[in-house]
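**Student:** Here it is, the structure, as structure tokens.
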Amino acid sequence: MGKQHMGCMNMTREKRTFDENSKLGFMRFIQFYNVLLILLVAVGLVFVRGSSLTFTPLVVCNILILLAQAAVIWLIAKRKMYTRQIVIGLEVFELAVGAVEQMLAGEFELGVFLAGGIGEYIVILYFLFSRRAKAVLVQPWSDQTLSEAQDAKDRELWDPKSIEFWMRLLIYFFVFSILGHWMEMGVQILVINGIMPGTIAAPDSLTWRDSLNPFFIYGIAVAFCGLALYPVFLKFREIFSKRWQAYLASFLVNTLFCVAAELILGFLFNADYSAWDYRDQFMNFEGQICLLYTLAFGIMSSFITWIVYPMMERNFSRVNRDVLRIIIVVACVLFLLIYATYNVDLDTLFPGEDLAFDFSEVNSSSSS
């Protein structure tokens, strides 16, 4: 019995031995909690009018905490060194901000404050004493070998000589043409609530009607990111020794592309400012482009180029070729049906013909 007991103790000790390849455990829960918190704040902002949101120092601190929590999600996922110290410092800072808020409001009570910080205490104690966290969060901030391996994989994704490459681009065009319409609606909600400046679309405009009606400009933009901006980004990663230099150069190129595209589209199709009007915005040119939306489009195009497009490519590249062709056929048919539903006028195609279908004739013939 004694030997069996010792054997069980040894097995228990082995199970509690962690290294850099161990699972994240409780840290995975912290990631999900931070994601949920960020989503709740983002949804809440949609219902907050700009006039009721004052950027006091405490509000700015809370925004910084939210951004730091987003960074923690990435740090844990990448198992980066010093993540424990960063998280502990963040939790202490969050407790301090909460205490200052209560003091300024004249509502500070030590018992209430201590009870309200239970979650922060748990996280601090975990990262202070967890052997799993100490063993797992050890990856260096710069690992050239891993970076070079990832670069080689990413270069393989961009293969314009492959028919599958173009089929995937076509799928992205279909999907993001529709998602772009929804994004336009989301931006309008932010403008209406005063969170973002901009022109409010009329209630009967296309933005608010026919939510599945594709906005081609967004589909073209995503396809262009994959076709042109992504290989430029890969080239910068080869040229520059520091990765931040490649990202900065890519961001500048992406932003310049967005400026040129919006300016050309504005002069061609928005001369009357019916689609957008930036004439009252800071640093605008002819009301067609402005600094705020230029930066916003630059950030969005960079996000697609660096993260969204390669992520989609990595997943679609695993799909069997025959399955991919089935998907593209179904996507083409579905997209054409959606487009025709909203944009094809049958009376124009068949003038003078009655295209209404009388179901009573079918019923009468079936009953006879």
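**Student:** Name the single residue, out of those in the range 269-307 being within 24 Å of residue 250 (Cβ to Cβ) and touching a residue at least 60 places away in the same chain (Cβ under 8 Å), that is surrounded by the fewest Cβ atoms within 10 Å (Cβ to Cβ).
**Tutor:** So the residue we want is 292.
**Student:** Consider residue 115 carefully, then state whether it is exposed (fewer than 12 other Cβ atoms within 10 Å of the Cβ), within 35 Å of the chain's Cα centre (by Cα) and not β-branched (Val, Ile, Thr). Steps first, please.
**Tutor:** Numbers: exposed (fewer than 12 other Cβ atoms within 10 Å of the Cβ): yes; within 35 Å of the chain's Cα centre (by Cα): yes; not β-branched (Val, Ile, Thr): yes.
Yes: the conditions hold for residue 115.
**Student:** Moving on to the next point. Quick check on the range 201-208. Is at least one of its residues open to solvent by 30 Å² or more (accessible area, probe 1.4 Å) and either at pLDDT 90 or above or of a type in the set (Val, Ile, Thr) (or both)?
**Tutor:** No - not one qualifying residue is present in the range 201-208.
**Student:** Another question, if that's okay. Any residue that is farther than 30 Å from residue 186 by Cβ, out of contact with any Lys or Arg (no Cβ under 7 Å at 6 or more places or on another chain), modelled with pLDDT of 85 or more and not hydroxyl-bearing (Ser, Thr, Tyr) - is there at least one of those in the range 68-79?
**Tutor:** yes
**Student:** With 302, 360, 367, 317 as the choices, which residue is at pLDDT 85 or above and of a type in the set (Ser, Thr, Tyr)?
**Tutor:** 302
**Student:** Condition (residue is at pLDDT 85 or above, in contact with a helix residue (DSSP H, G or I) (Cβ under 9 Å, 6 or more places away or on another chain), under 30 Å from residue 307 (Cβ atoms) and surrounded by fewer than 13 Cβ atoms within 10 Å (Cβ to Cβ)) applied to the range 23-31: is it met by at least one residue? Spell out how you get there, then give the answer.
**Tutor:** If we filter the range 23-31 for residues that are at pLDDT 85 or above, which is where we start, we get 23-31.
Now drop any that are not in contact with a helix residue (DSSP H, G or I) (Cβ under 9 Å, 6 or more places away or on another chain), which leaves 23-28, 30-31.
Within this subset, residues satisfying the condition of being under 30 Å from residue 307 (Cβ atoms) are 23-28, 30-31.
Cutting the leftovers down to surrounded by fewer than 13 Cβ atoms within 10 Å (Cβ to Cβ) gives us 23, 28.
Yes, that holds for at least one residue.
**Student:** Tell me the helices (runs of 4 or more DSSP H) entirely within the range 91-139 that contain at least 2 residues that are at pLDDT below 85.
**Tutor:** Output list reads 110-116.
**Student:** Kindly provide the set of residues from the range 274-314 that are of a type in the set (Asp, Glu) and on the phi > 0 side of the Ramachandran plot, ordered by number.
**Tutor:** Result: 286, single match.
**Student:** Also, quick follow-up: Give the residues of the range 322-334 that are over 13 Å from residue 166 (Cβ atoms) and either more than 25 Å from the chain's Cα centre (by Cα) or open to solvent by 80 Å² or more (accessible area, probe 1.4 Å) (or both), sorted by residue number.
**Tutor:** Selection gives 322, 323, 326, 329, 330, 333, 334.
**Student:** Need pairs with beta-carbon distance below 8 Å; first residue within 13 Å of residue 21 (Cα to Cα) and within the range 74-86, second of a type in the set (S, T, N, Q) and open to solvent by 30 Å² or more (accessible area, probe 1.4 Å); sequence gap 6+ or separate chains.
**Tutor:** 78/139; 79/139; 80/139
**Student:** Follow-up. Quick test for you: out of 248, 263, 227, pick the one residue that is within 21 Å of the chain's Cα centre (by Cα), part of a helix (DSSP H, G or I) and surrounded by 15 or more Cβ atoms within 10 Å (Cβ to Cβ).
**Tutor:** Being within 21 Å of the chain's Cα centre (by Cα), part of a helix (DSSP H, G or I) and surrounded by 15 or more Cβ atoms within 10 Å (Cβ to Cβ) holds for just one of 248, 263, 227, which is 227.
The values are calculated or read from the model by the stated rules, or taken from the named source; none is laboratory data. Keep in mind that this is a model prediction, so the values were computed, not measured. Cβ coordinates were reconstructed from backbone atoms using ideal geometry, including for glycine residues, and neighbour counts include every protein chain displayed. Just so you know, the surface numbers come from the protein's heavy atoms only, side chains and all, with ligands and any DNA or RNA stripped out. Shrake-Rupley method; radii C 1.70, N 1.55, O 1.52, S 1.80 Å.
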